[in-house]
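The values are calculated or read from the model by the stated rules, or taken from the named source; none is laboratory data. Since we're looking at a predicted model, the values are computed, not measured. A quick note on method: Cβ atoms are made from the backbone with ideal geometry, for glycine too, and the neighbour counts reach across all protein chains shown.
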Amino acid sequence: MSFYFEEIHLKTVQGRPSYHCITDEVKEIVKKSEIQNGICLIQTAHTTCSVYYDEYMHDKNYYEDDYLQVDLNNVLEKIVPRQTSENYPYLSPGPEHIAYGMKKTDPNYPAVKWTMLNTDGHLRSDFLGNSVTLAVRQQKLFLGSVGQVFFVDFDQTRERNRNVEVMIVGDKDE
């Protein structure tokens, strides 16, 4: 049994959910792993982000989001509306969490109260989850004929640098 681990680094956008098709990167990592048969776990540890598996739809809007992603945004907006101010439409974040967040020191992301108004991003990512596990067969990611792996950051408050972790577990010999 062998293990291989690598990260994918992404930059997200502000003002809307940030989608990234990461299928080609994951395929390349599987190839580099030299694992012939096993499983590939693709996950993110960011709590406003998701990794999911779906079909690539070809048609795109002006932001380069494919139409299925736009449809997903529209459905999620009905279920989980965007947070536009403190305590609307959510109770979170409360005063204790804001105090905690304001003590954090990250040179890339200065502590500003309005950047904590991302409860919608947390709830949306809760629906989709933070990982996908796919089979590896004959050193290829088992995707079917139209499947793709996507990463999305639902936190719309600012641009961020995000990571996706990829771990392949399996046998190197056929």
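Contact annotation: residue pairs with Cβ atoms under 7 Å, 6 or more positions apart or on different chains, pairing a residue in the stretch 50-63 that is within 20 Å of Leu128 (Cβ to Cβ) with a partner that is in a loop (DSSP other than H, G, I, E, B) and among the charged types (D, E, K, R), are Tyr63/Arg16. Could you tell me which residue of the stretch 117-130 is farthest from Leu76 (Cα to Cα), considering only residues that are in contact (Cβ under 8 Å) with a residue 60 or more places away in the chain and crowded, with 17+ Cβ neighbours inside 10 Å? The qualifying residue farthest from Leu76 (Cα to Cα) is Asn130. For the stretch 133-152, the candidate set comprises residues that are assigned to a loop (DSSP other than H, G, I, E, B) and in contact (Cβ under 8 Å) with a residue 24 or more places away in the chain; within that set, the residue that is surrounded by the most Cβ atoms within 10 Å (Cβ to Cβ) is Gln139. Just one of (1) out of contact with any Asp or Glu (no Cβ under 6 Å at 6 or more places or on another chain); (2) in a strand (DSSP E or B) fails for Glu159. It is (2).
How about the stretch 1-95: which strands (runs of 3 or more DSSP E) wholly inside it have at least 3 residues that are surrounded by 13 or more Cβ atoms within 10 Å (Cβ to Cβ) and more than 17 Å from the chain's Cα centre (by Cα)?
Those strands (runs of 3 or more DSSP E) span 37-43.
Checking each residue in the stretch 128-167 for being modelled with pLDDT of 95 or more and hydroxyl-bearing (Ser, Thr, Tyr) picks out Ser131, Thr133.
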